[in-house]
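Structure, as structure tokens:
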Amino acid sequence: MDDDVEVRDLEDDSSAGHGPLRNQDLSHLSLSAADVLLQYGWYLLAATFIVYLLIHHLRRRTNRSTSQDQNPHTQQDAVFVARRQESMEAARRKMQEELDAKAAIFKEKQNQQEEEKRRQKIENWESMQQGKSCRGAGLQTSEEASSSSSEVRKPKTDKKPLRSNDYNPLMGRGESSCSWRPGRRGPSAGG
């Protein structure tokens, strides 16, 4: 046998310094990104969702705390809103008073008109009882004035109607309602 080969036991030779080990199998430690996603994808997705919810919750909480810290500003805003509502209420009251005043004036005018109509009816009834015409006194005076002025201008003559009673301007001329008209003579108006 060969004398060149020496067999040593590792337990016996613990004091001797060993260099780095070579040719060790480290393939089980190196994983690619695809392998990580395949093995832990659902866990990563769940963890990402939980982190998102946590961040969203914390932002809401900070927004609430900052809005509560700004409480003096909201008190000033409340005072401003109250003043604004009071001014709007005052403006509404003023407008309502104006509208009520206008309504009262209108009602008073309506009452006066109704009273005038009643008075006219009473006068007409009294004139009917006396044997006069049934028209109102105001109308009689205006008709009398117009007839007297027309008498001055021309003597009275028999009045002939300008048109017959069955005249209708929408029906056209004469007895037939449909008539043909020839077209216009001359050059056309086109461009």
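One table, with the values for the structure above:
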{"item": "Residue tally, condition modelled with pLDDT under 60, surrounded by 10 or more Cβ atoms within 10 Å (Cβ to Cβ) and hydrophobic (A, V, I, L, M, F, W, C), over the range 116-171", "result": "3"}
{"item": "Answer residue from the range 66-75, given it is surrounded by 10 or more Cβ atoms within 10 Å (Cβ to Cβ) and not β-branched (Val, Ile, Thr) and is modelled with the highest pLDDT among those", "result": "75"}
{"item": "Selection from the range 2-51 of residues that are of a type in the set (Asp, Glu) and at pLDDT 80 or above", "result": "35"}
{"item": "Selection status of residue 174, at pLDDT 65 or above and on the phi > 0 side of the Ramachandran plot", "result": "no"}
{"item": "Yes/no for residue 113 being modelled with pLDDT of 95 or more, out of contact with any strand residue (DSSP E or B) (no Cβ under 7 Å at 6 or more places or on another chain) and assigned to a helix (DSSP H, G or I)", "result": "yes"}
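The values are calculated or read from the model by the stated rules, or taken from the named source; none is laboratory data. From a predicted model like this one, the values you see are computed outputs, not experimental measurements. Heads up, the Cβs are rebuilt from the backbone with ideal geometry, glycines too, and the neighbour counts pull from every protein chain shown.
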